[in-house]
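A short write-up of the structure that comes next.
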Amino acid sequence: MIFTGEKKPVLLAADDDALSRLLLQRIFSGKATLLCVDSGGSVLECLSKASSIDLILLDYHMPDMSGIDILRRIRTDARHANIPVVILTGDIDAGLEAEGFAAGATDFIRKPFIPTVVLQRVERVLRYEYLQKNLEEEVRHQTALAEQHLAESRLLFRQMVLALAKAIDAKDAYTRGHSERVADLAALLAECAGEDLNVQQKLYFMGLLHDIGKIGIPLGIINKTDRLTEAEYTTIKTHTTIGYEILQSIHVFEDLAVGAWCHHERFDGNGYPRGLKGEAIPRLARILAVADAYDAMTSERSYRAPLDGERVRKELLNGRGRQFDPLVVDHIFELIDGNKLQSLGKRNFV
């Protein structure tokens, strides 16, 4: 109950009738700290000095200004605008009630006072205010907790994805760091294409997990140093569908599965696993395909040394419109010619 707690509410009562003030003092004796004044001007003066007022009891008829006029003055002051105000009056009618509520009154109490009614009405208003304040505080608290938990969940997700990418690359002694480099370049290509940070981050995670299907490919095939047989090549191509099957259950991030599934599709329709062509290939997968191919060409592999810059440019040009989306190739040339690939690895999405 409001009046039985350790901290007593502070009430400000304004009434020019001494008998009414005395009665209010008796009603709230021991239950609240009651400040009594006898004019509207005194109400405003008291509010300017008091550190905390929980509720105002305001007589409608006072000599210097009406209770409604005082109420309007209170509501225009941001410091006191939210203090509940209960109007005290002996001649309440529908018009006065409407005027009072329009001015910001919280409730009305009829004179002459009935002590139990006064206590119940004031307690009801104070309880509502208490619950409202505590509800707002609880909402802020729970929101902060939810945001903290979301941030922690996102961090855990990112760290797990990065750890998984390292595990994937560890299967191939010649491609350590491949997934991270592809992820970073794909995000940079998205930035070059004018995509926002959200899309860049999506591509980063797609890049980290684009080769997850290699978990299901035998090490002997992945690390083979001479030419693959047709059967071995068919096996290694299945890493796209294996990756899709692994990632498709992550419904909150469907693009993860798309990246694994479609990064070996070709713009001319001669890729795998589905032979998608042109814009039928998901756009983010088309960006990922260029990033994947660029890193493959510029990295040491079991069967060859890294290609030099001139050879890489030639391969990209030859693949423009055939293996790769022409616009994405243009973007990577923009990055190469602007020496912007030096920024790879300097942004932290994890």
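The values are calculated or read from the model by the stated rules, or taken from the named source; none is laboratory data. No experiment lies behind these values; they were computed from the predicted model shown. Cβ sites come from the backbone with ideal geometry, for glycine too, and all protein chains shown count toward neighbours. The accessibility values were calculated without ligands, DNA or RNA, using every heavy atom of the protein model including side chains. Shrake-Rupley method; radii C 1.70, N 1.55, O 1.52, S 1.80 Å.
Some points to look at:
- Some residue of the range 284-302 being of a type in the set (Asp, Glu), open to solvent by 20 Å² or more (accessible area, probe 1.4 Å) and without any contact (Cβ under 8 Å) to a residue 12 or more places away in the chain: no
- Restricting attention to the range 104-156, the residues that are more than 38 Å from the chain's Cα centre (by Cα) and touching a residue at least 24 places away in the same chain (Cβ under 8 Å) add up to 9.
- Residue check, Ile92 closer than 28 Å to Phe28 by Cβ, out of contact with any Ser or Thr (no Cβ under 6 Å at 6 or more places or on another chain), modelled with pLDDT of 80 or more and among the hydrophobic types (A, V, I, L, M, F, W, C): no
- The sole residue among Leu44, Leu23, Leu34 that is farther than 20 Å from Asp107 by Cβ, surrounded by fewer than 20 Cβ atoms within 10 Å (Cβ to Cβ) and not β-branched (Val, Ile, Thr) is Leu44.
- Picking from residues in the range 218-267 that are under 21 Å from Ala186 (Cα atoms) and among the acidic types (Asp, Glu), the one that is modelled with the lowest pLDDT is Glu254.
- Residue match in the range 96-103 (condition: buried (at least 19 other Cβ atoms within 10 Å of the Cβ) and either among the β-branched types (Val, Ile, Thr) or on the phi > 0 side of the Ramachandran plot (or both)): no
- Looking only at the range 198-228, and only at residues there that are open to solvent by less than 10 Å² (accessible area, probe 1.4 Å) and touching a Leu at 6+ places or on another chain (Cβ under 8 Å), the one that is nearest to Leu256 (Cα to Cα): Met206
- Residue tally, condition out of contact with any strand residue (DSSP E or B) (no Cβ under 8 Å at 6 or more places or on another chain) and open to solvent by less than 20 Å² (accessible area, probe 1.4 Å), over the range 47-57: 0
- Residues that are under 15 Å from Val328 (Cα atoms) and among the charged types (D, E, K, R), drawn from the range 278-313: Glu279, Arg283, Arg286, Asp292, Asp295, Arg313
- Selection of the range 235-282 for residues being hydrophobic (A, V, I, L, M, F, W, C), in a loop (DSSP other than H, G, I, E, B) and surrounded by fewer than 16 Cβ atoms within 10 Å (Cβ to Cβ) yields only Ile250.
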